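Report on one structure; see the data block that follows.
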Amino acid sequence: MRMVLQCGVALLIVFRAPAFSQSPKPLATQYVGCVRNGQGVDIASQRVQTPMFASKTGERAFAVVDAELIGRSCQNSPSLYVTEPHGSSQLVFRQQSETAPDGSTYDGNGVEAIRWSPSGKRLLAEISQWNYGSDSGVNAKYVLFTHGDHAAIPISPTEAVSKQFKRPCVVGTKSIGWLDDDRIEVEASPIVQEDEEGICDYALSCIQTPMRFSFDVRTGSAQPLGVAK
């Protein structure tokens, strides 16, 4: 899970990013819902597009998130496009609704970030996933592409970071950006839960203060970098 919050506090800041190679987070496409009326009822579909992000090689990437009203339910289907220099846009990835680990359905899907590596060799897309009508939090899905080969490769930074700890525990992660063409910086944060009396419980969390890791996209392994600033 990716929504790591201090007990009893929830804050969401959404803004539109400028078009440079590594998008700040979150993009306005992280959460896209259907159009609602004054009573909060979904009444129409809507489409939101990210800015265009250019790589050092001249390739450009952008995403379109469709929030489609189907009957009375809203479902999201993000699409990622890559444009070759002086070429047309090519669809390289489309995220459909899929089954969550708990057996529910991720019918909410958005695009949280689009990041080119420093040389333009690789492209990372970060997909946000959630269940409409649920407070179970947000999952992050990381999809990797390599220059000249637009096949989507899923990677798992959260799983790699979790393997750094010997005891069974949980940790929240978010990517910070590329360290070089092969490694992504990942920040790990405590997972804090409340007991029945509203008291914060760190018992299941792997850490109590944020830490930094590097994640190698080639090997799928993580290495600690130190305490997060």
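Please treat every number below as a calculation from the coordinates, not as lab data. The structure displayed is predicted, hence computed values, not measured ones. Backbone-built Cβ (ideal geometry, glycine too); neighbour counts: all protein chains shown.
Only alpha carbons enter this Debye calculation for the range 22-164, each as an equal point scatterer, and the log10 of I(q)/I(0) it gives at q = 0.12, 0.15 Å⁻¹ is -0.51, -0.77. Label sites at residue 151 and residue 208, each approximated as a point 7 angstrom past Cα along Cα to Cβ, lie 4.6 nm apart. Model label points for residue 134 and residue 165, set 7 angstrom from Cα along the Cα-to-Cβ axis, are 2.2 nm apart.
Residue ranges 119-132, 148-161, 176-189 sort as 119-132, 176-189, 148-161 when ordered by packing (mean number of other C-beta atoms within 10 Å per residue, highest first). Below 15 angstrom from the Cβ of residue 59, what's the summed charge of the other residues (Lys, Arg +1; Asp, Glu -1)? With Lys, Arg at +1 and Asp, Glu at -1, the neighbours total +2.
Using R0 = 25 Å, the C-beta based FRET efficiency linking residue 72 and residue 100 works out to 0.75.
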